[in-house]
4 protein chains.
Amino acid sequence: MINKSIVFLGGDKRQLFAANAFAEMGFTVYLSGFDKLESNGDLIITDIYTGIVNSDIIVFPVTGIKDRIIPCYFSNKELRLSDELLELLKNRIVFSGKSQSIKNISKEIKIYDYLDREEFAVANALATAEGAVQVAMEEYEGLISNSRCLVTGYGRIGRILSSILNSLNAKVTVSTEKPDHFEYIIATGNKPIKTNKITGLNNYDIVFNTVPALIIDKKVLENSSPNVLIIDLASLPGGVDFEAAKKLNISAIHALSLPGKCSPKAAGEIITKTILNMLKEEFS
Amino acid sequence: MINKSIVFLGGDKRQLFAANAFAEMGFTVYLSGFDKLESNGDLIITDIYTGIVNSDIIVFPVTGIKDRIIPCYFSNKELRLSDELLELLKNRIVFSGKSQSIKNISKEIKIYDYLDREEFAVANALATAEGAVQVAMEEYEGLISNSRCLVTGYGRIGRILSSILNSLNAKVTVSTEKPDHFEYIIATGNKPIKTNKITGLNNYDIVFNTVPALIIDKKVLENSSPNVLIIDLASLPGGVDFEAAKKLNISAIHALSLPGKCSPKAAGEIITKTILNMLKEEFS
Amino acid sequence: MINKSIVFLGGDKRQLFAANAFAEMGFTVYLSGFDKLESNGDLIITDIYTGIVNSDIIVFPVTGIKDRIIPCYFSNKELRLSDELLELLKNRIVFSGKSQSIKNISKEIKIYDYLDREEFAVANALATAEGAVQVAMEEYEGLISNSRCLVTGYGRIGRILSSILNSLNAKVTVSTEKPDHFEYIIATGNKPIKTNKITGLNNYDIVFNTVPALIIDKKVLENSSPNVLIIDLASLPGGVDFEAAKKLNISAIHALSLPGKCSPKAAGEIITKTILNMLKEEFS
Amino acid sequence: MINKSIVFLGGDKRQLFAANAFAEMGFTVYLSGFDKLESNGDLIITDIYTGIVNSDIIVFPVTGIKDRIIPCYFSNKELRLSDELLELLKNRIVFSGKSQSIKNISKEIKIYDYLDREEFAVANALATAEGAVQVAMEEYEGLISNSRCLVTGYGRIGRILSSILNSLNAKVTVSTEKPDHFEYIIATGNKPIKTNKITGLNNYDIVFNTVPALIIDKKVLENSSPNVLIIDLASLPGGVDFEAAKKLNISAIHALSLPGKCSPKAAGEIITKTILNMLKEEFS
């Protein structure tokens, strides 16, 4: 793979960190849609055409594209995917997050979606969990140590987050429905409860929701102390009745896209790692 | 469920602890095949016929039966499943481990297999992991703290064991094939390697095998220091070439059935918990 | 002690949380120098004279006073310690941080200094350590997990902080001079080095200084990657050559008074706990 | 120090591991009082006179000597310290545990006591703590995970042991008298209580005593469940009324000298490390 060239088309700081990681491995790296940056070490900042023409591998942002526009955090100019450019992509190895957004425009390009990969999701869950702890530390006026935390859901994020909180000596309860999850939760030193047994939040200082369903509804909120801090990690619309929370004077934060915001370097390295894994599986 | 009666037919200390847990919850509990015990608190020690006749729920041992004989650690008499007894089972709720052994005799009895349940497997994995640490502490002349450990496999046992070793400040490497396992292993502070990259054990003080396949073969062993301690947790025939190890003067222990040996109380409670979950799901 | 009255004279959010804790235990609690607050549950907001006259116990802020002025975060008016008020203090139980500032004005008042207490220092070290992790999470673009951290000094803060970082799966090195500290550091899973062996910071992502001496001097900084993040926790002037860091483009943050800033609730509870311990020792 | 010679006079497996560590560093190493061993790699097994005459450094066992007899686990012959040998020691660097036992015979020999060193005590505490966990795992029929543990005393062993148990997800209570210990105990996620508030052991599954005073007396035992397991780590006579425990049918184990028994390799390395530290401080 070494001696190959790669171009990052748009995106934010995460792509920049990913680009750097590829440069460090010996790739020739182009950045298109990054003209706010004057120069960036070994990275070659260039227009989109030059970028694509010179590269074996094309990387679109985590968020994919919008119509034909590629989102660019580091450029004020519009980065647009013309038919000519689309044509060029056909002979190249194309990576993107939310790849459906590109497939909608052209069905002839084979796209590898790094966002769909399980290892991306797991590594992202770790970054999300650390980001959630950061938000809790910023918003909660006490200490995480010895605080009473509830984590709803025991998927990737719930599993990692509840372990981190336990390490920080919080008293952690985790909600789930599955009996075998109960045993994993116990095995990691936390306390399991059934999600449908959550009728109020009076016994918790901090609540982290990871379930994309209305778990923390009006009823639950009405049976909660106003001192509880709720951090919702579930993607829109989330799992908390935010309006009810506001009326009840309960702090509820919808904390989205934490990896990109809190740890863009880690988020970029996840992209790099996943693309490398996919390259190895497909082309070696 | 309370006010129900239950009989434990044979088995070892685990069944005794399970029986006690049921008695504490208010069940009327019979023990058949336990006549070495003179009396045991609230538990009623009786013959198999009386036990079954008086009980709503029947519990066979974790290991199932052998032909028609029920294994009994606490009895010198043979506990045999006659046709008459089999007939009685038909109207009762029957639990067993390795239930196929009973199904082989009669196809008309509905048996709930608690050994097949995921929560049983997870809780058993925790007990196995602690047992493995105990064996390591007993056999290794150094400390677990700062020892270099390899755990092969990242299934239930590998996952829990590698976390425990990390907690004890060992330097832990975990082998697996899956990229998403790699990320979980990293997220829990350990070092991942590909299982097929294990070519020797020179860099480890203690090796725990959890994979039921010949991972630690002659070649790997020939490329190992004689000081390494190998603990094989995989069921027969295990994942270690024990003969080669012996010739090379490498300590290799096949540590089987650890929950029953090292923590019969915990193992009994796992049986209780699993049976209760199954009763709740099926009959409420 | 219950049924006693206590007044908090000035201070910030920490005193407010401390006041609340006393109110919850059944004390009658006065707040003087808090007139920005309109009302505050059971707490009686009043002028300084009324506060002192009605109280058995007087609590000055953590920072003590400046000349005769009591610092007040929650008031725009000046809170001044007149001779008349000083006279009133003589018959009361007086607590303060930095009590020397009051002793300078009057030698006849017996003051119990809660800041001097070892349990205050230890609990404060925990709050400082969590605050330091928060700052690191906010400033570092990667994850704490698997980052390479250096903690200089193994006093109260170094001891607790290095354990927390280890729990978060950072790779932690701790510097100290004492051989027995080396063994404690090893026992908690971290790597010890001699403080005077720190000649550069190239091997670290994040450096936490806890030593009140110029450990991270120009020479050390010149031998460091510009990517390192330095968080200095030592009180003024700190242990980092901040000017040199600036010239070398190295991020160095002097993070002071973290408990009050990051976790005022916890900081307030520490005051409460310490005062209660002192009351018990002296008056029961 | 390299190119020096060293002799180990008697002792057990710990001295053998220490000797090996010195050999690995390039020392010429003699063993006297080890004639049960036929040969041992680079170590030269010899009589006591040859050993001393050829060595710059002399190492007596951890336990010192008894009258003039050096205890020898690996020899059936008596190893005696004659006047002639004592004379030879005067010009050599002599290390011993319990050095008073040698000082009683000759006041003219300068002896460095490695047992008295703080780093020895700390490293030994870690080995003792792991040994205590091993004993608990062997004797307790449940799991350490989620067991309710009491650790009495918060000295070196209490501090390390309570952290290890917490890591293993036990519910840990630690007893001490000092308010600042309380805060350290809380900071590490455990629950503090005052030692004199221990009036019974009904709430614990496993009790570890580290205090060399009769903490677990008859009264406390009478107020305990017979299911509790007591492991006394305090040196003779210990801190448990063993007779009362026996009468009450409570399992109480006096677990002494755990490092030597459970982890002789680690114990030997502690000796090596401590001697090296002392050599560096005194002779460089």
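Throughout, read-outs are computed from the coordinates displayed, never taken from laboratory work. Everything numeric here is computed off the predicted structure, so don't read it as measured data. Positions of Cβ are generated from backbone atoms using ideal geometry, with glycine treated the same way; all protein chains shown enter the neighbour counts.
What the table below lists for this structure:
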| read-out | value |
| --- | --- |
| Ranked list, fewest to most other Cβ atoms within 10 Å of each Cβ, for D:159, A:148 | A:148, D:159 |
| The range C:135-284: C-alpha gyration tensor shape, a/c 1.5 cut-off, then a/b vs b/c | prolate |
| For residue D:254, residues with placed amide H under 5 Å, excluding near neighbours | D:232 |
| Nearest 10 degrees, 0 to 90: helix A:13-24 Cα axis against chain A principal axis | 60 degrees |
| Rounded, prolate or oblate (a/c below 1.5 giving rounded, otherwise prolate when a/b exceeds b/c) for the range B:55-95 by Cα gyration tensor | prolate |
| Per-copy distances of the residue A:177 label point, shortest first, in nm (7 angstrom along Cα→Cβ) | 3.2, 5.6, 6.3 |
| Fewest-first sequence of B:112, A:204 by Cβ atoms within 10 Å of each Cβ | B:112, A:204 |
| Helix axis angle, D:118-139 relative to chain D longest principal axis, alpha carbon, degrees | 50 degrees |
| Per-residue average of Cβ from other chains inside 10 Å of C:115-121 | 3 |
| Closest Cβ on chain A to the rotation axis that carries it onto B (distance rounded to whole Å) | A:163, 4 |
| Relative contact order %, the range C:29-82, counting alpha carbon pairs below 8 Å whose residues are six or more apart | 35 percent |
| Shortest-first nm distances, residue D:280 label point to equivalent points in other copies (7 Å, Cα→Cβ) | 3.9, 4.2, 5.7 |
| Test item: Cα-centred dipole of the range C:5-116, Lys/Arg +1 and Asp/Glu -1 on Cβ, debye | 340 debye |
| Largest to smallest principal axis extent of the C-alpha atoms in chain B, angstrom | 60, 39, 36 |
| Helical mean residue ellipticity (222 nm; -39500 (n - 2.57) per DSSP H run of 4+; nearest 500) of chain D | -11000 deg cm²/dmol |
| Column: log10 I(q)/I(0), Debye, Cα scatterers of the protein assembly as shown, q = 0.05, 0.07, 0.08 Å⁻¹ | -0.41, -0.82, -1.06 |
| Whole-number percent relative contact order across chain B, with pairs defined as alpha carbons under 8 Å at least 6 apart | 16 percent |
| Ascending list, in nanometres, of distances separating the residue A:53 label from those of the other copies (7 Å, Cα toward Cβ) | 8.9, 8.9, 9.6 |
| For the range C:22-154, average projected area of the Cα convex hull in nm² | 11.5 nm² |
| For the range C:104-199, alpha-carbon Rg relative to the globular expectation (2.2 N^0.38 Å, N residues) | 1.34 |
| C:110, A:265 arranged by Cβ crowding within 10 Å, fewest neighbours leading | C:110, A:265 |
| Three-way shape label, the range D:20-60, alpha-carbon gyration tensor, a/c 1.5 | oblate |
| Span from the the range B:225-284 Cα centroid across to the the range C:189-213 one, whole angstrom | 42 Å |
| Selection from D:274, D:124, D:223, by position along the positive dipole direction of chain D (Cβ) | D:223 |
| Selection from C:86, C:212, C:72, by position along the positive dipole direction of chain C (Cβ) | C:212 |
| Binned Cα-Cα distances of the range A:91-143, short to long, each 5 Å bin given as a whole percent | 4, 18, 17, 13, 11, 11, 9, 7, 5, 3, 1, 0 |
| Shielding of D:150-162 by partner chains, average beta-carbon count, 10 Å | 1 |
| The range D:212-280, relative contact order [Cα under 8 Å, separation at least 6], % | 30 percent |
| Per-residue average of Cβ from other chains inside 10 Å of B:266-276 | 2 |
